[in-house]
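Quick notes on the structure that follows.
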Amino acid sequence: MTERLLLRSFTESDLDDLHDIQRRPDVARYVLWHARSREEVQAALTARVGQTELRAEGDNLAIAVVLRETGKLIGDFNLEWISAELGRAEIGFVMNPEHSGRGYATEAGREVLRLAFEEHGFHRVVGLCNGENHSSQRLMERLGMRREAFFVQGEMLKGERVDLAVYAMLATEWMQAARG
């Protein structure tokens, strides 16, 4: 929980709000899936409802971002355990553009990084995004993540070659930022 947001597991009652996010072509532009029908969102939600813990490498924690004031779902974060040996996780996020410009993504992202470093003890958290997705790049920079790489045409997205921006933060950097 943050000052304005509740971060929680997904429930079946999130269908309408999640569909409101995932049906949008502007949201789907930079992610692996196309704008989704209600039935496709229902299938995705069913999977997300079961992603509630990080117990082993390969697990994904699906995090619903909800406005505390209204109870409306406005975002969807992931924290995926990539490597036990390396202590590495990956952060991912999709926010409803209708709520942009108010700092909600930054507020939620900080809490997800806190969970990653302080509660799950990860050594390193990475974030990947399409090189054209400047909003996601700016968010990761606001979170204190550093851009480590930019791979020109380094990824395939919906059958097209696209650039890939790679960001990361270490636990030591998180702790230093939290103190400072």
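The values are calculated or read from the model by the stated rules, or taken from the named source; none is laboratory data. This is a predicted model, so every value here is computed, not measured. Neighbour counts run over all protein chains shown; Cβ positions are idealised from the backbone, glycine included. Note: accessible area is taken over every heavy atom of the protein model, side chains too, but ligands, DNA and RNA are not part of it. Shrake-Rupley method; radii C 1.70, N 1.55, O 1.52, S 1.80 Å.
In this structure, is residue 132 among the charged types (D, E, K, R) and in contact (Cβ under 8 Å) with a residue 60 or more places away in the chain?
Values: among the charged types (D, E, K, R): yes; in contact (Cβ under 8 Å) with a residue 60 or more places away in the chain: yes.
Taking the combined requirement at face value, the residue satisfies it.
Residues that are at pLDDT 95 or above, of a type in the set (D, E, K, R) and out of contact with any strand residue (DSSP E or B) (no Cβ under 8 Å at 6 or more places or on another chain): does segment 90-111 have at least one?
Checked segment 90-111: at least one residue is at pLDDT 95 or above, of a type in the set (D, E, K, R) and out of contact with any strand residue (DSSP E or B) (no Cβ under 8 Å at 6 or more places or on another chain).
If we only count strands (runs of 3 or more DSSP E) wholly inside segment 75-180, which ones have 1 or more residues that are open to solvent by 10 Å² or more (accessible area, probe 1.4 Å) and closer than 23 Å to residue 49 by Cα?
On the way: elements: 88-95, 124-130, 146-157, 160-170.
In segment 75-180, 88-95 are the strands (runs of 3 or more DSSP E) which contain 1 or more residues that are open to solvent by 10 Å² or more (accessible area, probe 1.4 Å) and closer than 23 Å to residue 49 by Cα.
I want to confirm something. Restricting to segment 46-77 and keeping residues that are touching a Phe, Trp or Tyr at 6+ places or on another chain (Cβ under 6 Å) and acidic (Asp, Glu), which single residue is nearest to residue 7 (Cα to Cα)?
Looking at the filtered set, the residue picked out is 59.
Could you check segment 14-46 and list, in sequence order, the residues that are among the hydroxyl-bearing types (Ser, Thr, Tyr) and either touching a Ser or Thr at 6+ places or on another chain (Cβ under 8 Å) or in a helix (DSSP H, G or I) (or both)? Give the steps one after another, and end with the answer.
Here is the first cut: in segment 14-46, the ones among the hydroxyl-bearing types (Ser, Thr, Tyr) are 30, 37, 46.
The answer is 30, 46.
Quick one: in segment 8-44, which of the residues that are touching a Pro at 6+ places or on another chain (Cβ under 7 Å) and hydrophobic (A, V, I, L, M, F, W, C) is surrounded by the most Cβ atoms within 10 Å (Cβ to Cβ)?
Filtering first and then ranking leaves 27.
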